[in-house]
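Colleague: The structure under discussion is supplied below as structure tokens; questions concerning it will follow.
Read-outs: derived from the displayed coordinates by stated rules, not from any lab. Everything numeric here is computed off the predicted structure, so don't read it as measured data. As a convention, Cβ positions derive from the backbone with ideal geometry for all residues, glycine included, and neighbour counts pool all protein chains shown.
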Amino acid sequence: MNTFWKAMATLMVWLLGGGIITVMSIFLGETLGGDILYGIILVVFGMMMSSGFIWNWGRDSASVRMQDKAYIADQIDSAINSRQKRKNSDISRRLRDYSDDELIALRERVASGEISESELAQLLS
């Protein structure tokens, strides 16, 4: 439902509510006296709730919260990815600094188990 039809539906609700209040005041005003205010308040509350359902009040804020959560999750993912990319580029840069003979020796040491992860991390940092 687009905005025009939502506005028309809201207008109809408020016109009908105003008519109910008018009829209630004319025919029940003398009988109920001051207690007619309770009926008027009930009708106005009903009109407000109907307008809320027509315009989907509250539903939009939930979608905004979900979009905010998705945005935060995307930011966290991008931060993790950028940190991982930076780490990979640092390692690649360190490995490019080695000569071919040094790389072959390092590969053999890693394959044979002579070098631990902490030593490898120290070499590449």
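Colleague: From Cα coordinates alone, what are the radius of gyration and Dmax values for region 84-125 in angstrom?
Modeller: 10.6, 28
Colleague: Determine the dipole magnitude for the chain: charges of +1 sit on the beta-carbon of Lys and Arg, -1 on that of Asp and Glu, nothing else is charged, the reference point is the Cα centre, and the result goes in debye to the nearest 20.
Modeller: Dipole magnitude for the chain comes out near 320 debye.
Colleague: Regarding the chain, what is the average projected area of its C-alpha convex hull, in nm²?
Modeller: Answer in nm², one decimal: 15.8.
Colleague: In sequence order, what are the phi-derived ³J(HN,Hα) couplings for region 83-100 according to the Karplus relation 6.51 cos²θ - 1.76 cosθ + 1.60 with θ = phi - 60°, rounded to whole Hz, with x for glycine and proline?
Modeller: Computed from phi, the couplings for region 83-100 are 5, 5, 5, 4, 4, 5, 5, 5, 5, 4, 5, 5, 5, 5, 6, 7, 7, 4 Hz.
Colleague: Further, regarding this structure: Ignoring everything except DSSP H segments at least 4 long, calculate the 222 nm mean residue ellipticity for the chain; use -39,500 (n - 2.57) per segment, divide by total residues, nearest 500.
Modeller: Value at 222 nm, helices only, nearest 500: -30500 deg cm²/dmol.
Colleague: Tell me the label-point distance for the pair Asp35, Lys85, using the 7 Å Cα-to-Cβ offset, in nm and rounded to one decimal.
Modeller: Spacing of the two 7 Å Cα→Cβ label points: 7.3 nm.
Colleague: How do Ile20, Ile76 line up, fewest other C-beta atoms within 10 Å first?
Modeller: Ile76, Ile20
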